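The values are calculated or read from the model by the stated rules, or taken from the named source; none is laboratory data. If you're wondering where the values come from, they're calculated on a predicted model, not measured in any experiment. FYI the Cβ positions are ideal-geometry reconstructions off the backbone, even for glycines, and counts take in every protein chain you see.
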Amino acid sequence: MPGPMGTKIGDEEFSGEPACLRRDYVPNGLTPGPMGLGRDAAGHYPWDIKEKQSVPAGGDLGPQKAGAALLSRFFVPGDKIVGNLFFGGAGMDGGYISDMVRAFAEKHVQLISVDPKKWSGGTLADAAIGVDVFRAGKSLIQVPLDKFPQSGTQFNLIGYSYGSLAAAQVAINYGAGGTVVNHLVLIGSPISGNFLQQVKTTPAIKNVIVVDLKAQGDPLYAGMSREKLLLSTPSLGKQMVEASGHFYYAPNTDEGKRRRRELAAYLYSKGLR
């Protein structure tokens, strides 16, 4: 599950070359959201004098133009958005993610998996820190959505495990601003009871679909307490090795593929397009 790591931002270095803002630039002292940036992540260095993709050489980058350039790259709460975003579990790097996209494509639903460099702080950080921060309620600092090719007629956010909490954060942030979220899908989600109620009662979030995996032995479920979340750690470790329970949709096997297609068919039957 993506979560807040400490962000370490290097000091700006200036030369005679024209500088440009990178996609994920944030001022010193701030993070781009609940996650932090590793040294290799896009936007680790606030100024990049080598890459000139954002501003042509010799171009003028005044404060107003810089702000406009950044805003043009993101959806703003209140925008009309259509498309389907998938937020994977901790680390957001499992092979099951690309197959999940294929499973939905077979139901004629175009799924876009989000960029782990932006939404994940790494497997351990997501699981140990991100879950605890994201599950409680709307985060004070929100990660803006990069603009993506829009398609379809709905705006749907689908998240698995840690990713369900990231999806809920996007839903509450954009929904509170007036962007309609047709379906928020929480799969194997340890979201708190208060936060679950908050997303369910936000008018712009039209439908919240909870897919608990209790029948498969998952100790995590929507509305659980923090105490039960902490007590679930030993069994989650065992289930990860066995690819069972909480990890029901994660195996890179024929059985895992079958399960993901069952999930896609189920969500299609619930109206997700």
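Some notes on this structure:
- Test for Gly88: is it in contact (Cβ under 8 Å) with a residue 40 or more places away in the chain and either over 16 Å from the mean Cα position of the chain (by Cα) or under 23 Å from Met240 (Cα atoms) (or both): yes
Yes/no per residue for (1) of a type outside the set (Gly, Ala, Ser); (2) modelled with pLDDT under 95; (3) touching a Phe, Trp or Tyr at 6+ places or on another chain (Cβ under 8 Å); (4) assigned to a helix (DSSP H, G or I):
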residue	(1), (2), (3), (4)
Ala168	no, no, yes, yes
Ala171	no, no, no, yes
Thr179	yes, no, yes, no
Pro190	yes, no, yes, no
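- Residues (in contact with a helix residue (DSSP H, G or I) (Cβ under 9 Å, 6 or more places away or on another chain) and surrounded by fewer than 24 Cβ atoms within 10 Å (Cβ to Cβ)) located in the range 155-174: Ile172
- Of all residues in the range 101-118 being touching a strand residue (DSSP E or B) at 6+ places or on another chain (Cβ under 6 Å) and assigned to a helix (DSSP H, G or I), the one that is nearest to Gly163 (Cα to Cα): Val101
- Checked against (1) loosely packed, with under 15 Cβ neighbours inside 10 Å; (2) at pLDDT 95 or above, Val241 passes all but condition (2).
- Some residue of the range 138-145 being closer than 15 Å to Phe86 by Cβ and either surrounded by fewer than 22 Cβ atoms within 10 Å (Cβ to Cβ) or assigned by TED's automatic domain parsing to the domain that holds Gly88 (or both): yes
- If you go through the range 213-227 and keep only what is under 15 Å from Phe195 (Cβ atoms) and either outside the structural domain of Pro190 (by TED's automatic domain parsing) or not in a loop (DSSP other than H, G, I, E, B) (or both), you end up with just Arg226.
- In summary, Ile209 fulfils each of the numbered conditions (1) within 21 Å of Val181 (Cα to Cα); (2) part of a loop (DSSP other than H, G, I, E, B) with the single exception of condition (2).
- Check on Phe75, modelled with pLDDT of 95 or more and among the hydrophobic types (A, V, I, L, M, F, W, C): yes
- The residues on offer are Gly163, Gly121, Gly159, and the sole one that is assigned to a helix (DSSP H, G or I) and assigned by TED's automatic domain parsing to the domain that holds Phe247 is Gly163.
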